[in-house]
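Q: Have a look at this one before I ask anything.
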Amino acid sequence: MGGPDLGPNVDLANSPPAAPRQCAVGAPFATPRIVSGLVDVTALEDARFTTDELTTYYTLYGPPVGNIASMIRSAHRTSVNTPFVAGPFITELGNASDFMARGPTLSRDQLTIYFERQASTSPTWAIYTASRASIAAPFDAPTAVPALAGYAAPFLSDDGLRLYVQNSDDGTGTYTHIFVSALSNGAFGNPVLIATISSNDYERTPVESADGLELFFAHAISSDSNVMVVSRTDVSQPFGAPTLVNLQGTSSSPRLPTWLSRNACRLYFSTTLSDGTSAILVAERSSH
């Protein structure tokens, strides 16, 4: 357990198909609203949700973690209409002293996690993975994913077969672009650039729909970013050209997508509000 594959906790052969899509590919979103309980004076990003959308795993930066440190935390709510209540930091993944951790993405059963990790003595981030025996149990010691050294912002597809990543911005002005790594023989291989969305600007934070037909991402020029989407008719096909996602009524920036509900009707994203606080917002589509 904890090795650079999906481990024994994810049964790909018997994994059920994605929930039926209830909102059409390309359907517009209504005015976003703040997700109650997911607002913080420090940076709050990378919120990933469970299938029922009652538990989230996210990154928290700054105090109480530290000025620039980051740690992964969970939160839970009793229904989609009640506020999230923050849970403990997941210190076995990174404690902000010896190691920092960010960008969690979990298997559907919540037993395997992929995330970014950085030693306090190193400027380099890398993608790691860890497993646990049950949701109540701590994760085993994390291990690096060999093929994904130097990549960031992992997002695991619903079926566990694809891991989307972005190349790390090393501070030299190198543009970040989105890649996908396929699972083969129990391990994720070398990532391949998604050429249809590659530009001379930044592409960040990929989020795939549960059926694999849409891929949301942030397109950034300097510090300003908007949510874009590409689509395809089948997972065996390449994605088409990107289009802007109109998130009505949100002038705040940057906007970074973090999750799409399994029925493809609710898009979650992080942003900075006008008062400087960080928040997760959700925008909804109308179903068929």
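Q: Scan segment 75-105 for residues that are outside any loop (DSSP other than H, G, I, E, B) and crowded, with 19+ Cβ neighbours inside 10 Å and jot them down.
A: Ala75, Phe99, Met100, Ala101, Arg102, Gly103, Pro104, Thr105
Q: Applying the selection to segment 31-45, what residues are hydrophobic (A, V, I, L, M, F, W, C) and exposed (fewer than 14 other Cβ atoms within 10 Å of the Cβ)?
A: Val41
Q: Return the only residue of Arg162, Arg108 being touching a strand residue (DSSP E or B) at 6+ places or on another chain (Cβ under 8 Å), within 28 Å of Glu203 (Cα to Cα) and basic (Lys, Arg).
A: Working: Arg108 fails: touching a strand residue (DSSP E or B) at 6+ places or on another chain (Cβ under 8 Å).
After ruling out the rest, the residue left standing is Arg162.
Q: Tell me, yes or no, whether segment 197-205 has at least one residue that is buried (at least 17 other Cβ atoms within 10 Å of the Cβ), closer than 22 Å to Ser107 by Cβ and of a type in the set (A, V, I, L, M, F, W, C). Steps first, please.
A: Looking only at segment 197-205, we keep the residues that are buried (at least 17 other Cβ atoms within 10 Å of the Cβ), and these are 197, 202-205.
Now drop any that are not closer than 22 Å to Ser107 by Cβ, which leaves 205.
Pick out the ones that are also of a type in the set (A, V, I, L, M, F, W, C) and you get none.
The answer is no, given that none of the residues of segment 197-205 is buried (at least 17 other Cβ atoms within 10 Å of the Cβ), closer than 22 Å to Ser107 by Cβ and of a type in the set (A, V, I, L, M, F, W, C).
Q: So, one more: Report those strands (runs of 3 or more DSSP E) wholly inside segment 188-288 carrying at least 3 residues which are β-branched (Val, Ile, Thr) and under 17 Å from the mean Cα position of the chain (by Cα).
A: 224-231
Q: Filter segment 28-70 down to residues that are of a type in the set (Gly, Ala, Ser) and at pLDDT 95 or above and give me whichever is farthest from Thr82 (Cα to Cα).
A: Checked segment 28-70; the qualifying residue farthest from Thr82 (Cα to Cα) is Ala47.
Q: Turning to a different aspect of this structure: Give segment 210-221 a look and list any residue that's touching a Ser or Thr at 6+ places or on another chain (Cβ under 9 Å) and on the phi < 0 side of the Ramachandran plot, or say none.
A: Ala210, Leu213, Glu214, Leu215, Phe216, Phe217, Ala218, His219, Ala220
Q: Quick one: how many residues across segment 129-139 are assigned to a strand (DSSP E or B) and more than 12 Å from Leu163 (Cβ to Cβ)? Explain how you work it out, then say what you get.
A: At the first step, the residues of segment 129-139 found to be assigned to a strand (DSSP E or B) are 129-131.
From the residues that got through so far, the ones that are more than 12 Å from Leu163 (Cβ to Cβ) too are 130-131.
So the count comes out to 2.
Q: Here is a further query. Which residue pairs have Cβ atoms closer than 6 Å, lie 6 or more positions apart in sequence or on different chains, and pair a first residue in segment 91-110 that is more than 15 Å from Leu54 (Cα to Cα) with a second residue that is aromatic (Phe, Trp, Tyr) and outside any strand (DSSP E or B)?
A: Glu92/Phe139
Matching residues to (1) at pLDDT 90 or above; (2) surrounded by fewer than 13 Cβ atoms within 10 Å (Cβ to Cβ); (3) outside any loop (DSSP other than H, G, I, E, B):
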| position | (1), (2), (3) |
| --- | --- |
| Ser122 | no, yes, no |
| Ala141 | yes, yes, no |
| Phe155 | yes, no, yes |
| Thr172 | no, yes, no |
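The values are calculated or read from the model by the stated rules, or taken from the named source; none is laboratory data. Predicted model only: the values in this text are computed from it and were never measured. Ideal geometry is used to build each Cβ from the backbone, glycine not excepted, and the neighbour counts take in all protein chains shown.
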